[in-house]
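The values are calculated or read from the model by the stated rules, or taken from the named source; none is laboratory data. Worth saying up front: this structure is predicted, and the values here are computed from it rather than measured. Reconstructed Cβ throughout: ideal geometry from the backbone, glycine too, with neighbour counts over all protein chains shown. Accessible surface areas use protein heavy atoms only, side chains included; no ligands, DNA or RNA. Shrake-Rupley method; radii C 1.70, N 1.55, O 1.52, S 1.80 Å.
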Amino acid sequence: MVDYPTNYLIMKILIIGLGNPILGDDGVGWVVAQEVKNNLAEEAKDIEVDFLALGGLSLMERLVGYQHVILVDSLNTGQRHQGEVINFTLQDMVDLIYGHASAAHDASLKQSLEVGRNLNVPLPSDENVHIVAIEARHVYDFTEELSTEIAAAVPKAVQMVLNLIAKIERAIDQK
């Protein structure tokens, strides 16, 4: 087990666009993250933007050292309108362990963070992992283009991420 110093957590905000950019609407997380990156001021050195197509333990490893994370991804619940943008924290999310119990590399993010924390890995709390998700049904279409509904939702999702950044920065400044 690695012993991390107690001050290992850094104050940077990590934004991750999740998904696969060649699977149609599944790539919307990457598009939103790129737009956020384009909108950030040059002096925003305390914000890092990344683009990933992984989850579980691999995603957990990328969160090491960050106190605040914003994940942007597509979501296919079938309960919302195509293109609806929602925001919640990992704390509010139901852990879908029934689909992730067969192998360690298939662990859910919640399970992975719990494993990391049990090993004293410096990770953000569930309430500091924000998720901006866009309801999308066409996440397996082999294309680099977003559907009309999902493309139309991108500006709203970008604004939601920018608002979350401002909220997090205000909270950090108050400490």
Tally, over the stretch 54-63, of residues that are surrounded by fewer than 17 Cβ atoms within 10 Å (Cβ to Cβ) and either of a type outside the set (S, T, N, Q) or at pLDDT 90 or above (or both): 3
Members of the stretch 118-143 found to be open to solvent by 80 Å² or more (accessible area, probe 1.4 Å), under 28 Å from N163 (Cβ atoms) and more than 16 Å from the chain's Cα centre (by Cα), listed by number: R137, H138
Residue among D50, D73 that is open to solvent by less than 50 Å² (accessible area, probe 1.4 Å), assigned to a strand (DSSP E or B), under 14 Å from E135 (Cα atoms) and at pLDDT 85 or above: D73
Counted residues, the stretch 53-70 - those being in a strand (DSSP E or B) and polar (S, T, N, Q): 1
Matching residues, the stretch 25-45, being surrounded by fewer than 16 Cβ atoms within 10 Å (Cβ to Cβ), free of Cβ contacts under 8 Å to residues at least 40 places away in the same chain and not aliphatic (A, V, I, L, M): N38, E42, E43, K45
